[in-house]
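Enquirer: The following block contains the structure, expressed as structure tokens.
Values quoted throughout were computed directly from the atomic coordinates according to the rules given, and no laboratory measurement underlies them. Here the structure is a predicted model, which means the values were calculated and not measured. We place every Cβ from the backbone using ideal geometry, glycine too, and count neighbours over all the protein chains shown.
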Amino acid sequence: MANKYYDGNNGSDSNDGSTPALAKLTRNAAVSASNAGDKIIAVNGIQIAPGGYANYNDDRIESAQDYRKAIIQPKSASNGGSETNYVGRIPSGRLAANNPVIIENRVFDGINEVASAFQLDDQSQTIVTEIRGCEFKNSNSYGFVCFDKAGVLDLINCKISGPKPSAAYLGFTGSLSSRADQTIKFQGLECEVDPITASTAILSISQVATPANALDLHVTGMSGSFNVSNNASLTVLNLISKDKINIQGCKLNITGDETEQNSIGIRAFGKGSGYETSDVDISNNTVYFSSGVGYAISYGDSTADSHIAGGSVSGNTVVGKYYPGSQTPHNYAMGQGTVGNLTGNISVDGYVGYLISKTDSCNVVGNLAYDCYGPNFYIKGTTLCEVKDNIAVVSSKYTQHERAIISVTEQGGVDTAGANIKQNYVVVEDVSKIHSLAQITDANQICAFERNTYIIPDTVDLSTAQLFSYQSFSPTDTLAQWNDRSEVTNDVIVQLPLSEVKNIIASYTPSGIDIPRAVTYISSQTTAATSSVFTLQPGESVEIFSTPRLGDDEFILAEVLGSSGTYNSLGILIDQRFTSNVLRNKKTYPRSFRLSKTVTQSPVRIESN
């Protein structure tokens, strides 16, 4: 295999193209001087496609001199041309005999003047396409769009960036797999997108409506931070197929400012009635979910038929956020009509730890809910589910909202027809800050509680304390009364000194993850921002934290409201030397403060305990 270089800025077609210094002037000249299977290398710098866009139909490996240093741009208006469709394109007519098509390490920059940074056309033969290490940015309709209806598409360590295109960052035909079996893989997709202020999906793939062929979908190692606001809805990852759906090892950070309409991190569906999938694997993902509405990880939909006949959600971690108002974000959901297993996951903060909603059959086993401030395990309208050997830990960090730690109720008028809740382990630091330990909201909910253990401090009088809610939305029962109910068998409360309860809670604190503190002044972001105003009483102090540590020339300022009605700077509170500092009101009267952060290289959150 030979290498042929081209450089639209300094090359010459009289050169032999063997080195960057001897590069051809145009890609076409480099192709003409090469053979099928050779590598065509774009020299570093901006390379304007002389024909309007780069058309990859020559059975060559397309590469760059250095990783993402060759930037391919269209010959559009700003570049002296009239191209409005693409930067790069794989046209129809590629031959299966020349598989795979390989394009690597280039940046496709639409400079906001063409519809798509890259387009894969529908093919007449079944081809294998590998796009490796490329970046797609600054296009009007799609960053990358695929119209092929068969074959293998493998995007490895690619990146999307820049402002939101009008359609989607990553787009796919609605006729996937209609011509033949198809496999689509995203490995290591990096997302560095602008703040989301209009509704969009980052990666949404759906099979043809009545599929006769297979569509296997694999997304591994996807990463990115997403800030959503302005009444926008954001879905990061949405996969729909009757066949294999694998979502593994992704790390997503979703942050709303409480003006967002809805947020979803990861969601999977079967294609439809008669086209159910029984092969869903959502595993080992991490989602930081600081949005007031939506779902971090959703196995189907909580209130619509999800067409999943088998699969699992396992080994994932979701870190939510506490909202003192009416927001009810859900960390996990097992949706309507689903069959599957929810095992070995971690759920931190968030209103709902695990929602089991109208499932056909669901096993919820061995999961940890840590400091969820609503129902940790929320069972709603299930046909059948087993909630067994899980752990719920509730410290005194938050006051629990509205529902018990384990709650059974209806969903949209559909009653729970079967739920077995047994051998779960609940630890509570302060019973005055919870709604209740367990709950059955009314007589229509068919369920069984058996041998669940609740650890609480030894200062609680079990003979009088109403710690359970039976056929009510308020606490009604002592432990003895709860165990006398026909749905309950041998639930147990173990009382320990508060210090021992705290030690147990500490032992279950998830390690290796970034758990938000109780109060967030500025949500995780790279942009400069100013917090809402907060008041400190005379002599009151608060320790302010920056998470993670700030870099050079990055800092947090503190300001105080002066008598003139303007805010006056108190100077730098935190910079790269420290991760925290104490802000104190030294006056004899209440004072209003606010915090502001500079632009930061990494997303930074400002918070306090």
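Enquirer: Can you give the % of DSSP beta bridges in the chain that are antiparallel, to the nearest 5?
Expert: Values: 31 of 207 bridges.
Antiparallel: roughly 15 percent of the beta bridges in the chain.
Enquirer: Could you tell me what % of all Cα pairs in the chain have separations over 44 Å?
Expert: Details: 57406 of 185136 pairs.
Roughly 31 percent, once rounded to a whole number.
Enquirer: Of the listed peptides 252-259, 107-114, 31-38, what is their order by residue-averaged count of other C-beta atoms within 10 Å, with the highest listed first?
Expert: Working: 252-259: 20.5, 107-114: 23.6, 31-38: 15.8.
Taking the mean over residues of other Cβ atoms within 10 Å, the ranking is 107-114, 252-259, 31-38.
Enquirer: Next question. Cα to Cα, under 14 Å, and not fewer than 8 places away if on the same chain: which aspartates and glutamates meet these conditions relative to LYS149?
Expert: In chain and number order, the partners are ASP121, ASP122, ASP181, ASP216.
Enquirer: Give the order of LEU467, LEU215, LEU22 when sorted by the count of other beta carbons within 10 angstrom, beginning with the fewest.
Expert: Working: LEU467 24, LEU215 27, LEU22 15.
With the sparsest Cβ surroundings first, the list reads LEU22, LEU467, LEU215.
Enquirer: How far is helix 498-507 tilted, in degrees, relative to the longest principal axis of the Cα atoms in the chain, given as a value from 0 to 90 rounded to the nearest 10?
Expert: 20
Enquirer: Related question: Going 7 Å from the Cα of ASN230 along its beta-carbon direction, which residues of region 253-268 have the amide nitrogen within less than 17 Å of the resulting point?
Expert: Output list for this probe position: 255-263.
Enquirer: Taking θ as phi - 60°, what are the ³J(HN,Hα) couplings along region 422-427 by the Karplus curve (6.51, -1.76, 1.60), each to the nearest whole Hz, with x for Gly and Pro?
Expert: Ordered by residue, 3J(HN,Hα) equals 8, 6, 8, 10, 10, 10 Hz.
Enquirer: Which cysteines does the chain leave without a neighbouring Cys Cβ under 4.7 Å?
Expert: Those would be CYS134, CYS146, CYS158, CYS191, CYS250, CYS372, CYS447, since no other cysteine Cβ in the chain comes under 4.7 Å of theirs.
Enquirer: Considering the alpha-carbon set of region 271-426 alone, what are its Rg and its Dmax in angstrom?
Expert: 14.1, 48
Enquirer: If you don't mind, another one. Packing-wise, with mean Cβ within 10 Å as the measure, how do 456-465, 8-17 rank, highest first? Mind dumping the intermediate values first?
Expert: Values: 456-465: 13.2, 8-17: 16.4.
Going by the mean number of other Cβ atoms within 10 Å, highest first, we get 8-17, 456-465.
Enquirer: Rounded to the nearest 0.05, what FRET efficiency do ARG68 and ASP389 have when you use their Cβ-Cβ distance and R0 = 30 Å? Intermediate values should be presented prior to the final figure.
Expert: Values: r = 47 Å, r/R0 = 1.57.
That gives a FRET efficiency of 0.05.
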